[in-house]
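Please read the structure below before turning to the comments.
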Amino acid sequence: MKKIELHLHLEGAAPPALIRGLAAEKHQDLHGMFDERGGYAYQGFKDFLKVYEAATAMIQGPRDYARLLEAVLAECAEHGAIYVELFISPEFCGGADLPAWRDHLGAMEEVAHAAAAQGLDSRAILTCIRHFGPERARKTAICAAETSGGWVTGFGMGGAEDAGEASDFAWSFDCAREAGLGLTNHAGEWRGAESIRDSLTLGVTRIGHGIRAIEDAALVRELAERGVTLEVCPGSNVALGITDWRRHPIARLADAGVRVTVSTDDPPFFHTTLSHEYQMLAESFGWAESEFRQMNQWAAEAAFCDDTTRTRLIKELQ
Ligand code: ADE
Ligand code: ZN
């Protein structure tokens, strides 16, 4: 089945073997960061963020970014993706100043063009880190605004949802909107409905996760009426202990008319793939091709791409 993925962190998708290789090249000791199976080892979300930061610190310079993107897009193609949006956080890799970001972007654009020629289209969403604070977010927003118009089509925010309020980052979201970028924010993952409502004040058309909207019936109705799209990452939520597969809110949100889509977030951290997400949803809720087709259609409609690309994607999905 052809799939669209709207929520995939480039750094969080780094295969552990690639990070180990980069660490060896840089004579860095990442001892203790991997489990006995060679995967990333962490205990809970805050520890996940720490390991994530240590791993992503190994990605430095245009060559590393290009190798990473090549590996990640190959994996996406293997699982049937025809279009993917990559969350990229220059703050993690020492590249949040504009000249460094331009270098990294140039290297990645070459890889992205080559993948598009092979049938996998992609776009980048520059993503600031909430727990690094509003000042650092501004730098990422400026990188996004200054390089918008080509492969970079979106701006977003990830990181610890309990760090301040989304509205503290209004300057950055305004800057990105004025540059014509699509907007999304991680919310309703670690906090409830009020965090999603706060995100909506930023003018986002999509919410990363958003599953805890289910705790507030009025908010669920509002999301459905406004056509806000949720980038749901069920395997991530299960791996981080927020819920389990059978109780996952995605099915109830879909039943309430909310536009839900399916993504992987940080696949190697959560031992998942896009195919695995679909398989688990099929097993948990009895979903079949028609449900997945509807979600991919919503994903195409919410994608941060031009209308020509959108029309082509919608056709390809049929
Ligand atoms: N960055 C990468 N994965 C994340 C998640 N699940 N929540 C918040 N920020 C993230
Ligand atoms: Zn995410």
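The values are calculated or read from the model by the stated rules, or taken from the named source; none is laboratory data. Source: prediction; values computed, not measured. Quick reminder, even Gly has a Cβ in these numbers, built from the backbone with ideal geometry, and neighbours come from all protein chains shown.
Some values worked out for this structure:
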item	result
Close pairs (6 angstrom Cβ cut-off, 6 or more residues apart or separate chains): touching a residue at least 24 places away in the same chain (Cβ under 8 Å) in region 232-246, of a type in the set (A, V, I, L, M) and within 12 Å of ligand 1 (Cβ to nearest atom) anywhere	W245/V238
When residues of region 65-111 are limited to those that are closer than 18 Å to Y52 by Cβ and of a type in the set (S, T, Y), the one surrounded by the fewest Cβ atoms within 10 Å (Cβ to Cβ)	Y65
Set A112, A66, A54: member being touching a strand residue (DSSP E or B) at 6+ places or on another chain (Cβ under 6 Å) and in contact (Cβ under 8 Å) with a residue 24 or more places away in the chain	A112
Condition met for G150 (modelled with pLDDT of 95 or more, under 16 Å from the mean Cα position of the chain (by Cα) and either under 23 Å from T205 (Cβ atoms) or crowded, with 24+ Cβ neighbours inside 10 Å (or both))	no
Candidate set: region 198-233, residues that are of a type in the set (K, R) and more than 21 Å from the chain's Cα centre (by Cα); chosen: the one surrounded by the most Cβ atoms within 10 Å (Cβ to Cβ)	R221
Evaluation of N185 against (1) touching a helix residue (DSSP H, G or I) at 6+ places or on another chain (Cβ under 8 Å); (2) away from ligand 1 (no atom under 16 Å from the Cβ) (one fails), failing number	(2)
All positions within region 125-147 that are under 15 Å from L183 (Cβ atoms), under 16 Å from the mean Cα position of the chain (by Cα), within 15 Å of ligand 1 (Cβ to nearest atom) and among the aliphatic types (A, V, I, L, M)	I125, L126
Of residues in region 117-134 being more than 26 Å from D168 (Cβ to Cβ) and in contact (Cβ under 8 Å) with a residue 40 or more places away in the chain, the one surrounded by the fewest Cβ atoms within 10 Å (Cβ to Cβ)	Q118
Flag if Y52 is over 19 Å from the mean Cα position of the chain (by Cα), within 14 Å of ligand 1 (Cβ to nearest atom) and surrounded by 15 or more Cβ atoms within 10 Å (Cβ to Cβ)	no
Given (1) more than 16 Å from ligand 1 (Cβ to nearest atom); (2) charged (D, E, K, R); (3) within 15 Å of I207 (Cα to Cα), index of the condition R177 fails	(3)
Boolean, A170 is out of contact with any His (no Cβ under 9 Å at 6 or more places or on another chain) and buried (at least 21 other Cβ atoms within 10 Å of the Cβ)	no
Candidates A114, A137 - the one that is loosely packed, with under 15 Cβ neighbours inside 10 Å and either of a type in the set (S, T, N, Q) or part of a helix (DSSP H, G or I) (or both)	A114
